[in-house]
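Structure first, commentary second.
The values are calculated or read from the model by the stated rules, or taken from the named source; none is laboratory data. These figures come from a predicted structure and were not determined experimentally. So basically every Cβ, Gly included, is an ideal-geometry build from the backbone, and we count neighbours across all protein chains shown. These area figures cover heavy atoms from the full protein model, side chains too; ligands, DNA and RNA do not enter into them. Shrake-Rupley method; radii C 1.70, N 1.55, O 1.52, S 1.80 Å.
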Amino acid sequence: MTVRIVRLGSPRHPEEGLRIGTVRRPPRGVPKAEYATRDLYDVWLPNLAPSEALLKDAQAAAAAGDERSWKSFVRRYRAEMKTPENRALLELLAALSRHANFSVGCYCADEARCHRSVLRTLLAERGARLG
C-alpha cells in the first residue's frame, strides 16, 4: 500500500486508488461531476494547499526561478502545515498509506517547484509509504 504524489490531470496509475486534490481552488470551467473522469481528483482537500497569500508568493517565485524565494516558500508552507488540523491530516494520510493505495496532487507542471514536493517530504517524515 502506498501514497503517490501526482500531477492532477495526469493519467492515473492502475493501482493509484483514490485521488486527493490538495489545491486551493477547484479547476475552472470543469463541471464538478467530471473531476474524477478527467483524472483531476476524487476528493478535494484544500487544507493541505498553501494559503492564498502564500500561493501568490509561490507563483511569483516560480516565475522568477529564485532559489531564495523558493526556500522561503518551503519554510512558510511547512509552518502552515504545523497547525493542529493540518498535522492531524498529515498523520492520517501517513497512516492510511500503510493500509490503502491513494494519491495526493496539485496542478503544477514541475513538482520540484510545487507544494506537493514538500508534501512528499512531510508525509515521509511521518512514516508514509510512498510510491
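Alpha carbons only, please: Rg and Dmax for the chain, in angstrom.
14.2, 40
Please compute the alpha carbon radius of gyration of segment 15-54, then divide it by the globular-protein estimate 2.2 N^0.38 Å. Two decimals is fine.
Numbers: Rg = 10.9 Å, N = 40, 2.2 N^0.38 = 8.9 Å.
Dividing the Cα radius of gyration by 2.2 N^0.38 Å gives 1.22.
Give me the percent relative contact order of the chain, please, defined on Cα pairs under 8 angstrom at least 6 residues apart.
Normalised by residue count, the contact order of the chain is 43 percent.
Leaving out ligands, DNA and RNA, and with a 1.4 Å probe, what % of the accessible surface on segment 1-104 is carbon or sulfur? Walk me through the numbers on the way to the answer.
Working: 3300 of 6010 Å².
That share works out to 55 percent.
Sort 25-31, 37-43 by packing, meaning the average of other beta carbons within 10 Å per residue, with the highest value first. Working shown, then result.
Working: 25-31: 10.4, 37-43: 15.9.
Peptide ranking by packing, descending: 37-43, 25-31.
Skipping prolines and chain starts, which residues have an amide H placed within reach, meaning under 5 Å, of the one on Ser103, given they are 5 or more residues away or on another chain?
It is Arg4, Leu18, Arg19, Ile20, by chain and number.
Segment 78-131: Rg/Rh from Cα coordinates, Kirkwood Rh?
Values: Rg = 11.1 Å, Rh = 11.6 Å.
That ratio equals 0.96.
Each label point is 7 Å from the Cα along the Cα-to-Cβ direction; what then is the distance between the points at Val43 and Ala109, in nm?
3.1
If I build a Gaussian network model for the chain, linking alpha-carbon pairs within less than 10 angstrom, which residue out of Ala88, Ala62, Ala33 has the largest mean-square fluctuation?
Ala33
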